[in-house]
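I have placed the structure first, in the form of structure tokens, so that the comments after it can refer back to it.
The values are calculated or read from the model by the stated rules, or taken from the named source; none is laboratory data. Values in this document were obtained by computation on a predicted structure and should not be read as measured data. Neighbour counts run over all protein chains shown; Cβ positions are idealised from the backbone, glycine included.
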Amino acid sequence: MAIGTSTIIHDSVLFIRNLLLNNVTDPETSARSGNEKFVMTGYPEREVRYPIITVTHTAGSAARLGMNTEDMMHTVNLEVRVWARNMKEKDQLTDAVVDKLQTLQRDTTGTVAEGLVHLSVTSMTNVDEPGDGGIKSKIITVVYEVYT
């Protein structure tokens, strides 16, 4: 799946979702039913089995690469959010996500091969619900560049 020049946002979100789905181990694989997802492209609107990972587009920009050129550099900001049942699970999944994004950037079938380059993890922010039963989550802000 190459990142299309007219579908950069859509393709980037789907590619990162699929990359994480295929490369981060779901601790609940055996317990999930066929209609439950581990990695998705939006916030859940129905009841889900935690942990889950969401990938959404949050911002972006585009700039011409110089005078007398039509070539553009697009910046794609993504939010990869890990939702977990406890702090340990949240931290382990966050480590796995960041490790896979870094590793698969350099892989020949990874993000560079698809046109997503210059990975930058710009922040990791905890957003935890209080109490033992509260859902723990971490927002990982990821930035890629796409040249067209």
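Of note:
Residue-by-condition table, conditions (1) of a type outside the set (S, T, N, Q); (2) buried (at least 20 other Cβ atoms within 10 Å of the Cβ); (3) in contact (Cβ under 8 Å) with a residue 40 or more places away in the chain:
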{"site": "L101", "(1), (2), (3)": "yes, yes, yes"}
{"site": "Q105", "(1), (2), (3)": "no, no, no"}
{"site": "G110", "(1), (2), (3)": "yes, no, yes"}
{"site": "A113", "(1), (2), (3)": "yes, no, no"}
{"site": "V117", "(1), (2), (3)": "yes, no, no"}
{"site": "G131", "(1), (2), (3)": "yes, no, no"}
{"site": "G134", "(1), (2), (3)": "yes, no, no"}
{"site": "V143", "(1), (2), (3)": "yes, no, yes"}
{"site": "V146", "(1), (2), (3)": "yes, yes, yes"}
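- Among helices (runs of 4 or more DSSP H) entirely within the stretch 1-117, having at least 1 residues that are at pLDDT 95 or above and of a type outside the set (D, E) singles out 8-23, 87-106.
- Selection count where residues are small (G, A, S) and within 19 Å of T141 (Cα to Cα), scope the stretch 13-62: 5
- Of the residues making up the stretch 69-78, those that are touching a residue at least 12 places away in the same chain (Cβ under 8 Å) and surrounded by fewer than 17 Cβ atoms within 10 Å (Cβ to Cβ) are D71, M72, M73, T75.
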